[in-house]
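The values are calculated or read from the model by the stated rules, or taken from the named source; none is laboratory data. Since we're looking at a predicted model, the values are computed, not measured. When we count neighbours, we look across all protein chains shown, and the Cβ atoms used for this are built from the backbone with ideal geometry, even at glycine. Only protein heavy atoms, including side chains, enter the accessible area calculation; ligands, DNA and RNA are left aside. Shrake-Rupley method; radii C 1.70, N 1.55, O 1.52, S 1.80 Å.
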Amino acid sequence: MKIERPRGTRDFLPDEMERRREIEKRMRKIAESFGYREVATPTFEYLELFTRKSGEGIIEEMYVFKDKSGRDLALRPELTAPVMRMFVNECSVMPKPLRFYYFANCFRYERPQKGRYREFWQFGVELIGSESYLADAEVIILADKILKDVGVNFSLEIGHVGIMRYLLKPIGEDRASKVMRLIDKGDREGLESYLAEIRVNEDLRDKIFSLLELKGDESVIEEAKEIIDYDFGHLESLSALLRDVGVDFTLNLGIARGLDYYTGVVFECYAEGLGAQKQVCGGGSYELSSLFGGPVTPSTGFAIGFDRVCEACSVEAGEKSVVAVVSFKGLESQAFRVASMLRERGFTAVVDVMGRNLKKQMSFASEMGVKYAVILGPDEVKSGRVAIKNLETQEQVVVAEEELFSILQ
Ligand code: HAM
């Protein structure tokens, strides 16, 4: 009986893996050009790492299990909390800011659909140690650059959860988090009935609804000032800098984000043509260090949904040319030797491992789309020569072994 993959997981065949690696390579290159260095954390962590602040939504979706000693563990649903745990444990005394990036798989027990998987990959960065708008600006510029470079058509929306959280202060942190979650889900009816349930007065209710509808250019900041007495300096400076450097964005004060730890600026990128799962990047500023026993350390970052980007972008993997070394029976060790010479010169070379005759080796090479076959026959081997056949044109030449490389270039 066949065994299926677990729901929400995928297999990746070579063509797709090559394309994914190409996209990953570009993302790494850009992050590194901004001075970010790669980090890695465990695939599973103590459950508590994610229950302290990630929020109910994430907790419900977690893969949780006990190990053989009865410890509660979870497969990581994201990497911000793990990276901050690592920061507190290993690098809190390093000079700041710290610039980290990661590319790793994450696990969420969600209802699988196109663009939503139970195992998916994130390419993310964390910029640790600054509360300046400049830090938010840097990570937004970086996210924008990565998505543009891989050819995703997207729009960028920037908000600030600190404003709504400030407005919600009177109702207490837990209730405020619930309100933020309903806003994030876009569940206006749910929000309305929850506000009624916790008896929020009409003035506050109206302010909440007015604030979350504010979307547009910088004029929304002026409108927000009419609703709430808050210092908008950070958002104003950030907006001005991003305009100066040519980053296109819309302000959206209704962005709440699905994770609870955000404190200030938040942002999301939506790709065209992806339907419901169009959010290809999400991030913002947060403070998790003190929650994990470290010093208060304002940080900011984002994670790109790598699988969604792969669906939305136009990057193709470069063509790799493969040389097939085909040989007569009895010349197998010669074939292995020539193949290894080719590999040392940077070619990809394959030999027959099926014990096939020459004709079958040739037709397999053609089937695989190989351009050149290097043919070893008894006469050639004796005189230190090889035949090279171009399988596309059927042209064949016989050359001395040393000349092989110049012809294959
Ligand atoms: P997030 O918005 O939960 O943020 O996830 C980031 C991105 O991961 C999403 O925008 C989406 O593209 C992708 N993603 C999430 N769930 C799935 C899924 N089930 N299948 C496919 N892709 C998915 C975070 O995880 C934060 N840690 C980001 C961050 C970093 N904030 C600050 N630093």
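Remarks
- Against the conditions (1) more than 16 Å from the ligand (Cβ to nearest atom); (2) not in a strand (DSSP E or B), V323 satisfies every one except (2).
- Positions within the stretch 265-279 being within 13 Å of the ligand (Cβ to nearest atom), under 20 Å from F123 (Cβ atoms) and open to solvent by 20 Å² or more (accessible area, probe 1.4 Å), in sequence order: Y270, L274, K278, Q279
- Whether a residue is of a type outside the set (A, V, I, L, M, F, W, C), in contact with a strand residue (DSSP E or B) (Cβ under 9 Å, 6 or more places away or on another chain) and within 25 Å of E24 (Cβ to Cβ) was assessed, and P112 does not pass this test.
- Whichever residue in the stretch 239-264 is charged (D, E, K, R) and within 16 Å of the ligand (Cβ to nearest atom) and, among such residues, is nearest to D136 (Cα to Cα): R257
- Candidates A74, A104, filtered to the one that is of a type outside the set (D, E, K, R), more than 14 Å from the chain's Cα centre (by Cα) and either under 30 Å from R5 (Cα atoms) or within 14 Å of the ligand (Cβ to nearest atom) (or both): A74
- Looking only at residues in the stretch 280-316 that are in a loop (DSSP other than H, G, I, E, B) and open to solvent by 30 Å² or more (accessible area, probe 1.4 Å), the one that is farthest from the ligand (Cβ to nearest atom) is E316.
- Filtered by the rule that a residue be crowded, with 17+ Cβ neighbours inside 10 Å, in contact with a Leu (Cβ under 9 Å, 6 or more places away or on another chain) and not in a loop (DSSP other than H, G, I, E, B), the stretch 23-43 gives I30, A31.
- Selection of first residues in the stretch 108-119 that are near the ligand (Cβ under 9 Å from one of its atoms) and of second residues that are open to solvent by 40 Å² or more (accessible area, probe 1.4 Å) and part of a strand (DSSP E or B), restricted to Cβ pairs under 7 Å at least 6 apart or on distinct chains, gives the following pairs, ordered by first then second residue: E110/R116.
- Any hit, the stretch 51-63, residues being open to solvent by 60 Å² or more (accessible area, probe 1.4 Å) and modelled with pLDDT of 95 or more: yes
- Candidates E90, E18 - the one that is away from the ligand (no atom under 14 Å from the Cβ) and without any contact (Cβ under 8 Å) to a residue 24 or more places away in the chain: E90
- Residue in the stretch 115-136 that is modelled with pLDDT under 95 and surrounded by fewer than 19 Cβ atoms within 10 Å (Cβ to Cβ) present: no
- Counting only residues that are modelled with pLDDT of 95 or more and in contact with a Lys or Arg (Cβ under 9 Å, 6 or more places away or on another chain), the stretch 369-389 holds 4 of them.
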